[in-house]
Amino acid sequence: MTQLYEDALRPLGLRATQFTILQVLSRAGEISQGQLGEMLAMDSTSLTRTLGIMRREGWVAERRGEDRRERWLRLAKTGEARLSRALPVWEKTQSELRNKLGDHTWTNLFQLTNQLTELAINGQQKENL
């Protein structure tokens, strides 16, 4: 499934993970990198590497927190533009996938994905204790 989104977003120079990060930042406003990682159930190393690319592209703006290790992230103007261009492509791909799967299977897939994400988040939280 991810490959369908990757193929659709590739002509825009965007990966599916990057698109998701842009979406989250668009909705959340400014959040810490730790909060973003928790929301995405994404490991710190992968998130840091992806954010580094996105900062170099100018899609994400960062500022340091009071603690030097803390980083606050927000969507930059170029990130907003990239998201605006990518959103119709993502929506079209999602619509095509939903039509191929049918509403019942789509709903089940959506519920299963949410359950797996919740398990991943809970697993990360237990590891951090």
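When region 1-23 is filtered for residues that are of a type in the set (D, E, K, R) and either surrounded by fewer than 14 Cβ atoms within 10 Å (Cβ to Cβ) or in a helix (DSSP H, G or I) (or both), the ones remaining, listed by number, are E6, D7, R10.
The number of residues in region 24-51 that are more than 14 Å from L14 (Cβ to Cβ), surrounded by 12 or more Cβ atoms within 10 Å (Cβ to Cβ) and among the small types (G, A, S) comes to 6. Checking each residue of region 84-92 against the condition of being crowded, with 17+ Cβ neighbours inside 10 Å and in contact with a Ser or Thr (Cβ under 6 Å, 6 or more places away or on another chain) gives no match.
Condition first: over 21 Å from L9 (Cα atoms), over 22 Å from the mean Cα position of the chain (by Cα), at pLDDT 85 or above and in a helix (DSSP H, G or I). Now tell me which residues in region 92-129 satisfy that. D103, H104, T105 - these are the residues of region 92-129 that are over 21 Å from L9 (Cα atoms), over 22 Å from the mean Cα position of the chain (by Cα), at pLDDT 85 or above and in a helix (DSSP H, G or I). Residue count for region 24-52 under the criterion of being of a type in the set (D, E) and assigned to a helix (DSSP H, G or I): the result is 1. Taking the criterion of being at pLDDT 90 or above, exposed (fewer than 15 other Cβ atoms within 10 Å of the Cβ) and in a loop (DSSP other than H, G, I, E, B), the only residue of region 53-74 that qualifies is G58.
Conditions (1) of a type in the set (A, V, I, L, M, F, W, C); (2) in contact (Cβ under 8 Å) with a residue 40 or more places away in the chain; (3) touching a strand residue (DSSP E or B) at 6+ places or on another chain (Cβ under 9 Å), marked per residue:
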residue: G34; (1), (2), (3): no, no, yes
residue: M42; (1), (2), (3): yes, no, no
residue: G65; (1), (2), (3): no, no, yes
residue: R69; (1), (2), (3): no, no, no
residue: P88; (1), (2), (3): no, no, no
residue: T93; (1), (2), (3): no, yes, no
residue: L101; (1), (2), (3): yes, no, no
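The values are calculated or read from the model by the stated rules, or taken from the named source; none is laboratory data. Predicted model, so just to flag it, every value in this text is computed and none were measured. Backbone-built Cβ (ideal geometry, glycine too); neighbour counts: all protein chains shown.
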